[in-house]
1. Of all trypsin sites (Lys or Arg not before Pro) in segment 7-65, which ones are in loop regions per DSSP and have a Cβ with at most 14 other Cβ atoms within 10 Å?
2. Quick query: amide H of SER262 versus all other amide H atoms, modeled in the peptide plane; which residues come in under 5 Å with a sequence gap of 5 or more or a different chain?
3. With 10 angstrom as the radius, rank SER47, SER30, SER351 by how many other C-beta atoms surround their C-beta, starting from the fewest.
4. For a footprinting-style exposure proxy, rank GLU324, GLU94 by other Cβ within 10 Å, fewest first.
5. Based on the Cβ-Cβ distance from ARG283 to SER227, what FRET efficiency comes out when R0 is 41 Å, to the nearest 0.05?
6. Spelling out what I want: for every residue of segment 14-23, take phi, set θ = phi - 60°, compute 6.51 cos²θ - 1.76 cosθ + 1.60 (Karplus), and round to whole Hz; glycine and proline get x.
7. Could you work out how far the C-alpha centroid of segment 335-383 sits from that of segment 229-269, in angstrom?
8. Please rank SER313, SER86, fewest neighbouring Cβ atoms within 10 Å first, as an exposure proxy.
Amino acid sequence: MQAVAQPALFDLLLTLFYNLRAHNFSLGISEFKLALQAFSYGFGSESEEELIFTLQVLWGKSPEEQEELRRMLIEALQEQREALRSEEQDARREKQDPNSEQPLPERSRGQGEQETAPEQDPGNEGEQGVTPRHDPGNVNLPLNFLPEMPVGGHAIRIPKIKPMQINANLDLVGSYPVRQRHMKRAWRYYRLMRQDGPATVLDIPGTVEQVAQNGLLLHPVMRARRSNQAELLLLVDSGGSMVPFQRIVQRLLDSVRQGGLSRYAVYYFHDVPRKALFTDKARTIGVELVDVLSGFHDSGVMIISDGGSARQSNSKARVRRTGEFLETLKRYTPHVAWVNPTPVERWQTSSAGDIADMVNMFPLDRNGLDNAIDRIRGKDIRV
């Protein structure tokens with residue numbers, strides 16, 4: 001009888017994890033790591049039934065979720081069994097002479113029958129001692145990938161195995177609402193073209209006009225080269241409820257660096273910008289708010305914060321302090337856009353709904369980012 005190795009178990013858990021999230025199960029990376037840790041210490045390793053029970057305890061938040069999880073896990077195990085049968089059949093075909101039509105030896109045939117017929121597997125009855133609650137017609141897949149636990153007594157020996165590690169690049173969140181490629185392209189539309197610098201470009205219309213006035217070409221008319229003079233101030237909410245969004249926010253900041261802007265700056269705050277902003281995410285180096293705003297007079301300002309919608313917080317004090325900050329900000333520039341990484345439907349039941357009445361707020365998706373950039377360009381756009 002085949003045993004499930006750690007890589008096979010990891011693939012099984014990962015497939016089930018994605019399927020459960022697709023069925024709106026409230027599961028995150030911490031739950032996935034907790035399941036790996038539990039199996040590394042031997043929980044749920046004796047049988048399929050224990051595997052199902054362990055995942056029901058760890059991942060099922062209600063009886064309905066536990067029943068749905070059980071059904072989906074049984075289906076996943078059935079697929080695992082079918083894959084094992086297919087591998088065994090392929091292995092037997094390779095051992096058999098392809099030019100011979102003789103059947104397999106009696107011993108090989110008996111091994112094959114044991115692997116596909118659970119009712120004739122006495123080893124399984126001795127290990128389990130009980131009949132699984134799910135369909136007994138299915139082949140029970142033993143999970144003896146860990147060392148055996150001691151029988152009798154109260155002492156439990158922790159198996160000496162290396163816990164399964166999660167690849168740091170594994171995407172357990174899914175695709176982002178806006179690709180970084182689109183972020184880079186969106187900033188190309190934030191332009192304020194002006195002539196700046198020495199006169200090094202030939203002004204053809206000016207030269208033609210001079211010839212028309214004087215009747216001859218005295219000297220070519222030169223002009224300064226046009227360049228993008230757009231400036232941007234980014235105010236980013238850091239820590240607390242913004243931690244789950246730090247990766248996509250960082251992608252947005254990286255795209256700004258490649259946007260070809262004349263000048264930009266990133267400052268951090270927590271919940272509400274106060275009298276000081278910070279130059280680092282840990283908020284250890286502070287700069288006076290007035291000093292920051294005075295350096296970006298009449299420039300575009302983008303605020304990135306959930307406004308309390310991530311935790312469904314509805315704080316009147318936060319709304320009041322945010323309103324005071326926005327009044328201060330409007331003294332320096334009218335080109336302000338607020339980008340919220342949470343969906344629009346969460347705003348109305350939190351402080352973000354009241355904040356959205358005071359400033360142009362947009363979701364952090366493809367259309368929302370385009371509209372936010374149009375807003376700091378001077379267009380009057382709302383969600």
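1. Working: sites: ARG21, LYS33, LYS61; in loops: LYS61.
Answer in residue order: LYS61.
2. For SER262, whose amide H was placed from the backbone, the distant partners under 5 Å are ALA230.
3. Values: SER47 20, SER30 8, SER351 25.
Ranking SER47, SER30, SER351 by Cβ neighbours within 10 Å, fewest first, gives SER30, SER47, SER351.
4. Values: GLU324 13, GLU94 8.
Listing GLU324, GLU94 from fewest to most nearby Cβ atoms yields GLU94, GLU324.
5. On the way: r = 34 Å, r/R0 = 0.83.
After rounding, the FRET efficiency stands at 0.75.
6. Those phi angles translate into 5, 4, 5, 4, 5, 5, 5, 5, 5, 9 Hz.
7. If you average the Cα positions of each part, the centres end up 15 Å apart.
8. In increasing order of surrounding Cβ atoms, one gets SER86, SER313.
Values quoted throughout were computed directly from the atomic coordinates according to the rules given, and no laboratory measurement underlies them. The structure presented is a predicted model; accordingly, all values stated were derived computationally and were not measured. Counting neighbours? That spans all protein chains shown, and the Cβs are built from the backbone with ideal geometry, glycine included.
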